[in-house]
Amino acid sequence: MSTLELGNPTALAGDNSTAAFDVEAARRDFPILERKIHGRPLAFLDSAASAQKPRQVIEAMDEVYREHYANVHRGVYLLSQESTDLFEGARARVAKFLNAAKTEEIVFTRNATEAINLVANCFGQAKLRAGDEVIISHVEHHANIVPWQLLRDRLSIQVKVVPVDDDGNLIMDAYADLLSERTRLVAITHIANSIGTVMPLRQIIDMAHAREIPVLVDGCQAAPHLAVNVQELGCDFYVFAGHKVYGPTGIGVLYGRYDLLNSLPPFLGGGDMISSVSFEKTTFKKAPFRFEAGTPAIVESVGLAKAIDYVSDIGLPAIHAHEDGLLAYATERLTAIDGLTIYGQAKDKAAVISFTLESAHPHDIGTILDRAGVAVRAGHHCAQPTMERFGVPATVRASFGLYNTRAEVDALVDAINQVKELFE
Ligand SMILES: *Cc1c(COP(=O)(O)O)cnc(C)c1O
């Protein structure tokens, strides 16, 4: 029997988050959590890099390939209509997830990086001139730094950076000072992937909008952890990646205000994004299609919609509360370890803990933790300026998803104690 809702996006919608969250039941949905790593149970503490997938997502994608697959937007035959309905239904599901005003405000991209590059290219071409300024923060992912630097080199704009304090909080006075007549865009993360700072977005956006400056939010770390409401936030662009919200790789989301999207030129040229083509003149479709040249990630869109269903059924408030509990517990246990330093203690912080040990290099820690079945990230987390701000080349990062448990925090702590015994 088909588990997919065909062409009925409202049937996919809804946040049925009344029941208490049962982490053990949720864990049974993730086949990979049954794996042994070096003979030990897997403690997967790297969801900030990419989250694992529940069987609901895997099975939905399998079913599209088995039963509904064809290219979208072209065929007159039934299968193509089914796949088009699924693809456009997934778009509607994402719109509802973000509480966008219109489904047409959702553009599918390859990943979050491509979504930011799309804005940098199209917004840059339409709205930026030499001497204009784009403001970012010191704790951005490279994906929200490098596209603006490429634009700086191409258009002679300036990229201004808002500093953070020693705890990782954005320094709001410095932000206020950087906003100027030359500012054309603020591009800021919702949650810093390396140290977990949750940005005071309301205030950041209000201050920019008081000067009619649009704001792009990099929501990669927020979409899996908090209920995002783009209309309430008032942001102009919002991006996230499918794979970090328990969905597949190969698909990302750009939300943009409809009028703003339609004031931008196309991104890539090709099929599906045009109204008509001749050698003299080509006209383009409206948003979102003008930004989606070529065959899109059809099957991945369904996987993403299923992942959104999955987190919405549990309820993002319940997921957030669960992860907050893990963060508090892990912070308490790690703080008690001699010689361990945690980077980032922002007032509002998500379930990401970056740390170093006096006695061992992060990469050695990561390798030894892996032998104990504990998967963490070691390195600069695509945030070298953040590392530089805190005076370290790299950290170990443990990040928590909906399937993590206190027992896994204990496994992390035990493994860190093994590292200490080896190196001290
Ligand atoms: C992961 C991440 C990105 C990049 O996402 P991709 O899927 O690799 O494009 C950008 N910003 C933040 C904050 C991230 O965590």
> Which one of ILE308, VAL396, HIS381 is farthest out on the positive end of the charge dipole of region 290-404, using unit charges on Cβ (Lys, Arg +1; Asp, Glu -1) and the Cα centre as origin?
Replying inline: HIS381
>> Given points 7 Å out from each Cα along the Cα-Cβ axis, report the ARG66 to ALA321 separation in nanometres with one decimal.
In response: 3.6 nm
>> Can you give the FRET efficiency to the nearest 0.05 for THR341 and PHE21, using r as the Cβ-Cβ distance and R₀ = 35 Å?
In response: 0.65
> Among ALA126, VAL107, ILE136, which residue has its Cα positioned farthest towards the positive end of the charge dipole of region 103-154, with +1 placed on the Cβ of Lys and Arg, -1 on the Cβ of Asp and Glu, and the dipole taken about the Cα centre?
Replying inline: ALA126
> Any idea how far apart THR295 and LEU78 come out in nm if each label point goes 7 Å out from Cα toward Cβ?
Replying inline: 2.2 nm
> Helices from the chain with mean Kyte-Doolittle at least -1.0 and a Cα length along the axis of 20 Å or more, per DSSP H: which?
Replying inline: 78-98, 112-127, 298-314, 316-335, 406-423
>> Can you order the peptides 85-91, 258-264, 398-404 by their average number of other Cβ atoms within 10 Å per residue, highest first?
In response: 398-404, 85-91, 258-264
> Can you give the charge dipole size of region 239-381 about its Cα centre, rounded to the nearest 20 debye, using +1 on the beta carbon of Lys and Arg and -1 on the beta carbon of Asp and Glu?
Replying inline: 460 debye
>> At 222 nm, what value in deg cm²/dmol follows for the chain if DSSP H runs of at least 4 each add -39500 (n - 2.57) and the sum is divided by all its residues, to the nearest 500?
In response: -11500 deg cm²/dmol
> Is the shape of region 147-211 rounded, prolate or oblate, going by the alpha carbon gyration tensor and its root eigenvalues a ≥ b ≥ c, with a/c under 1.5 for rounded and a/b larger than b/c for prolate?
Replying inline: oblate
> Which net charge results when you count Lys and Arg as +1 and Asp and Glu as -1 among the other residues whose beta-carbon is under 13 Å from that of LEU42?
Replying inline: +1
> Sorted by packing (mean other beta-carbon atoms within 10 Å per residue), highest first, where do 346-354, 62-70, 296-304 land?
Replying inline: 296-304, 346-354, 62-70
> When the scattering of the chain is computed by the Debye formula from its Cα atoms alone, each counted once and equally, what is log10 I(q)/I(0) at q = 0.09 Å⁻¹?
Replying inline: -0.58
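Pairs LYS347/LYS420; LYS96/LYS127; LYS102/LYS285; LYS160/LYS347: which exceed 19 Å Cα-Cα?
Long pairs (Cα-Cα over 19 Å): LYS347/LYS420; LYS96/LYS127; LYS160/LYS347.
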>> Just to be sure I understand: of the beta bridges DSSP finds with both ends in the chain, what percent are antiparallel, rounded to 5?
In response: 60 percent
> For the residue pair GLU388 and VAL146, what label-to-label distance in nm results when each label sits 7 Å from Cα along the Cα-to-beta-carbon direction?
Replying inline: 1.5 nm
> When a footprinting reagent is the concern and you count Cβ atoms within 10 Å, what order do THR335, THR283, THR249 take, fewest first?
Replying inline: THR283, THR335, THR249
> By how many nm would the segment from ALA407 to LEU178 grow when fully extended, if each residue of separation counts as 0.36 nm and the alpha-carbon distance is taken off?
Replying inline: 77.9 nm
> What is the extension gain from ARG154 to ALA210, computed as 0.36 nm multiplied by their sequence separation minus the C-alpha to C-alpha distance, in nm to one decimal?
Replying inline: 17.3 nm
>> Under 18 Å from a point placed 7 Å out from the Cα of ALA328 along the Cα-to-Cβ direction: which residues of region 393-424 have their backbone N that close?
In response: 400-402, 404-410
> In debye, nearest 20: dipole of region 345-389 around its Cα centre with unit charges on the Cβ of K, R (+) and D, E (-)?
Replying inline: 160 debye
> Rounded to the nearest 20 Debye, what is the dipole magnitude of the chain about its Cα centre when Lys and Arg each give +1 and Asp and Glu each give -1 at the C-beta?
Replying inline: 940 debye
>> Principal axis extents for region 344-409, Cα atoms only, whole Å, descending order, please.
In response: 32, 30, 20
>> Please arrange VAL277, VAL396 by how many other C-beta atoms lie within 10 Å of their C-beta, fewest to most.
In response: VAL277, VAL396
>> Per 0.36 nm of contour for each residue apart, how much would the distance between ASN262 and GLU232 grow if the chain were fully extended, relative to their Cα-Cα spacing?
In response: 8.7 nm
> Given a Förster distance of 41 angstrom, what is the FRET efficiency for VAL161 paired with THR367, based on the Cβ-Cβ distance and rounded to 0.05?
Replying inline: 0.80
>> Tell me the Kirkwood radius of region 230-332: reciprocal of the mean inverse pair distance over distinct alpha-carbon atoms, in Å.
In response: 16.4 Å
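Every number here is computed from the coordinates shown, using simple stated rules; none is lab data. Remember, it's a predicted structure, so these values are computed and weren't measured experimentally. Virtual Cβ from ideal backbone geometry, glycine too; neighbours counted across all protein chains shown.
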